[in-house]
Amino acid sequence: QPAMVGIEGEVEDIIDENYETIRSIHYQDKIKHLMRCANKHLKDIELKIIEEVILSDRKAPAVASEIGLTAENVRQRLSRGLKKLRIKCLDIWQAANN
């Protein structure tokens with residue numbers, strides 16, 4: 001039994017030392033699953049708006065002028081796209097947590 005504790009301790013040490021890498025790999029895997037789901041269920045324009053507003057932290061008016069929509073239309077499409085993501089892809093995100 002003492003050898004088992006030693007091995008478990010070593011494994012815990014390895015996990016502790018590499019926690020950020022392991023967490024990062026797990027997170028990247030979750031993102032890949034989410035992106036596959038998003039690509040399957042969202043329109044290209046919805047993906048573009050989510051990418052620009054959420055991931056690139058750009059304001060709706062700036063995105064709107066770039067893609068030829070009104071700022072209100074960008075906000076509406078963002079809202080609908082995020083709702084679609086929650087409905088269609090949340091289970092994938094949660095499954096990747098386990």
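The values are calculated or read from the model by the stated rules, or taken from the named source; none is laboratory data. Values in this document were obtained by computation on a predicted structure and should not be read as measured data. Keep in mind that these areas ignore ligands, DNA and RNA; they rest on the heavy atoms of the full protein, side chains included. Shrake-Rupley method; radii C 1.70, N 1.55, O 1.52, S 1.80 Å.
Being within 12 Å of residue 81 (Cα to Cα) and open to solvent by less than 70 Å² (accessible area, probe 1.4 Å) is the filter here, so list the residues in the stretch 49-64 that pass it.
Hits for the stretch 49-64 are 49, 50, 53.
For the stretch 34-98, give me every one of the helices (runs of 4 or more DSSP H) that falls completely inside it and has 2 or more residues that are within 28 Å of residue 24 (Cα to Cα).
Where helices (runs of 4 or more DSSP H) fall fully within the stretch 34-98 and carry at least 2 residues being within 28 Å of residue 24 (Cα to Cα), they are 44-50, 71-97.
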